[in-house]
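The values are calculated or read from the model by the stated rules, or taken from the named source; none is laboratory data. Keep in mind it's a predicted model, so treat the numbers as computed, not measured. Virtual Cβ from ideal backbone geometry, glycine too; neighbours counted across all protein chains shown. Note: accessible area is taken over every heavy atom of the protein model, side chains too, but ligands, DNA and RNA are not part of it. Shrake-Rupley method; radii C 1.70, N 1.55, O 1.52, S 1.80 Å.
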Amino acid sequence: MRDSGSSIRDAWEAAGYTPDNCPVRSILDHVAAKWTVLVLIELDAGPRRFSALARALPDISKRMLTQTLRELQRDGIISRQVFDTKPPSVEYALTALGQSLTEPLFGLVTWAELNREPIFAAQAAYDAAG
């Protein structure tokens with residue numbers, strides 16, 4: 001992904017981008033959010049209704065789950081399908097764009113799993129040093 005003498009930062013700087021007008025900042029704000037990753041892990045297993053997502057992620061408030069789902073839908077990462085039932089039910093699923101996100105995102109999740117012990121050890125050492 002990187003050339004030996006350049007970086008993404010260098011390329012963006014050459015194109016005139018700054019932290020204020022970063023071309024992907026708003027996208028990464030959504031994609032890298034705590035709840036987004038967990039919602040996408042759930043939806044990777046298949047479409048889910050709101051209540052199933054809420055049960056799978058008991059620490060998330062209904063308000064935050066709703067906000068996360070709306071942002072992902074707005075970004076085209078998930079779809080929302082309303083079923084004509086009494087009461088109406090809603091199902092969320094990954095779009096093709098969302099499915100293309102899972103491989104790199106889950107690579108990061110796997111990295112975190114593989115490195116959690118050294119990270120926890122580093123945190124404990126840092127905290128102990130004061």
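Ellipticity at 222 nm from helices only: DSSP H runs of n ≥ 4 in the chain, each -39500 (n - 2.57), divided by the residue count, give -19500 deg cm²/dmol. Along the charge dipole of segment 48-130, Cβ charges K/R +1 and D/E -1, which of 128, 85, 72 sits furthest on the positive end? So the residue furthest toward the plus end is 85. For the chain, carbon and sulfur atoms together expose 55% of the accessible surface, with a 1.4 angstrom probe and every protein chain in place. Per-residue SASA remark: residue 117, around 120 Å² accessible (1.4 Å probe; ligands, DNA and RNA not included). The reciprocal of the average 1/r between distinct C-alpha atoms defines the Kirkwood hydrodynamic radius, which for segment 32-100 equals 12.0 Å. A 1.4 Å probe run over the protein chains yields, for the chain, 73 Å² of accessible area per residue, whole-number rounding. For residue 106 and residue 6, the FRET efficiency from 1/(1 + (r/R0)^6), where r spans their Cβ atoms and R0 equals 30 Å, is about 0.65. In this simple spin-label approximation, residue 13 and residue 29 carry label points 7 Å from Cα along the Cα→Cβ vector, and these lie 2.4 nm apart. Residue 20 exposes around 140 Å² of accessible area when a 1.4 Å probe is run over every protein chain in place. Note the listed values (i) 0.96; (ii) 1.07; (iii) 1.04, then indicate which one is Rg/Rh (Cα atoms, Kirkwood Rh) calculated from this particular structure. The value matching this structure is (ii). Here, segment 15-64 is characterised by an Rg to Rh ratio of 1.16, where Rg is the alpha-carbon radius of gyration and Rh the Kirkwood radius.
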